[in-house]
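**Student:** After the structure tokens below, expect a handful of questions from me.
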């Protein structure tokens with residue numbers, strides 16, 4: 001059965017923005033609540049290094065972990081949209097948001113390097129931010145990922161609610 005088309009109005013965007021702000025204010029608690037997903041995301045992250053490593057560029061290889069972490073749930077999002085299963089797509093979009101929160105912690109730790117690494121060695125985000133000459137902005141970059149993650153999660157959850165309230169839902 002095809003989902004009815006419902007427009008995104010000003011009330012939806014205002015409520016979503018307010019919800020995103022609430023999520024940002026509790027980002028650490030939200031990250032903790034979603035932490036079991038980290039153990040699913042970690043092997044995807046590591047596989048991303050291998051997949052992008054075939055391109056032969058060190059920067060792309062290192063960024064590949066983060067790219068894989070975002071592209072995998074995004075691929076499922078696209079799949080479910082094509083299958084006309086928007087609620088399932090929204091769950092995958094929330095997974096993208098959760099990954100952004102996960103990446104936020106990693107990026108913000110680039111200088112301190114307190115997070116344990118799977119294989120040791122150089123911290124991905126230390127390398128990436130150093131290469132981009134942004135290492136001194138690691139905490140700000142991490143916060144940007146957090147804000148993006150909260151916004152994506154807020155949109156996905158608000159869209160699920162909107163769709164469940166739509167006529168014929």
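Taken together, the values in this text are just the output of simple stated rules run on the coordinates, not laboratory data. The shown structure was predicted, so the numbers you read here are calculated from the model rather than taken from an experiment. Positions of Cβ are backbone-derived with ideal geometry, glycine not excepted, and every protein chain shown enters the neighbour counts.
**Student:** Tilt of helix 138-165 relative to the longest C-alpha principal axis of the chain, in degrees (0 to 90, nearest 10)?
**Tutor:** 20 degrees
**Student:** Assuming R0 = 22 Å, what is the FRET efficiency of residue 40 and residue 75, from their Cβ-Cβ distance, to the nearest 0.05? Show your work: numbers first, answer last.
**Tutor:** Numbers: r = 14 Å, r/R0 = 0.65.
Here the calculated transfer efficiency is 0.95.
**Student:** Among 82, 111, 162, which comes first, then next, by fewest other beta-carbon atoms within 10 Å?
**Tutor:** Lowest to highest Cβ neighbour count: 82, 111, 162.
**Student:** Starting with the highest mean, order 103-110, 59-66 by the number of other Cβ atoms within 10 Å, averaged over the residues of each peptide.
**Tutor:** Working: 103-110: 22.0, 59-66: 20.0.
Ranked from most to least packed, the peptides come out as 103-110, 59-66.
**Student:** For a protection proxy built on the mean count of beta-carbon atoms within 10 angstrom, sort 88-100, 12-24 highest first, please. Don't jump to the answer; show the numbers that get you there.
**Tutor:** Details: 88-100: 22.2, 12-24: 15.6.
Listed from highest to lowest mean packing, they are 88-100, 12-24.
**Student:** Kindly express, to the nearest 10 degrees and within the range 0 to 90, the angle between helix 10-25's C-alpha long axis and the longest C-alpha principal axis of the chain.
**Tutor:** Helix 10-25 sits roughly 40 degrees off the main axis of the chain.
**Student:** Hey, another quick one. Averaging sequence separations of C-alpha pairs under 8 Å and six or more residues apart, then dividing by the length of segment 10-165, give the relative contact order as a whole percent.
**Tutor:** On the way: 189 pairs, mean separation 45.1, N = 156.
Reported as a whole number, the value is 29 percent.
**Student:** Further question: Given the DSSP H assignment, sum -39500 (n - 2.57) over each helix run of at least 4 residues in the chain and divide by its residue total; what's the result at 222 nm in deg cm²/dmol, nearest 500? Show your work: numbers first, answer last.
**Tutor:** Numbers: 7 runs with 123 residues, N = 169.
Per the formula, -24500 deg cm²/dmol.
**Student:** Can you pull the percent of Cα pairs in the chain with separation above 30 Å? Provide the component values of the computation, followed by the final result.
**Tutor:** Numbers: 3222 of 14196 pairs.
Pairs farther apart than 30 Å: 23 percent.
**Student:** Shifting gears a bit: To make sure I understand, if each residue's beta carbon is the centre and we count other beta carbons within 10 Å, what order do 153, 160 fall in, fewest to most? Present the calculation step by step, with values, prior to reporting the outcome.
**Tutor:** On the way: 153 25, 160 18.
Exposure proxy ranking, most exposed first: 160, 153.
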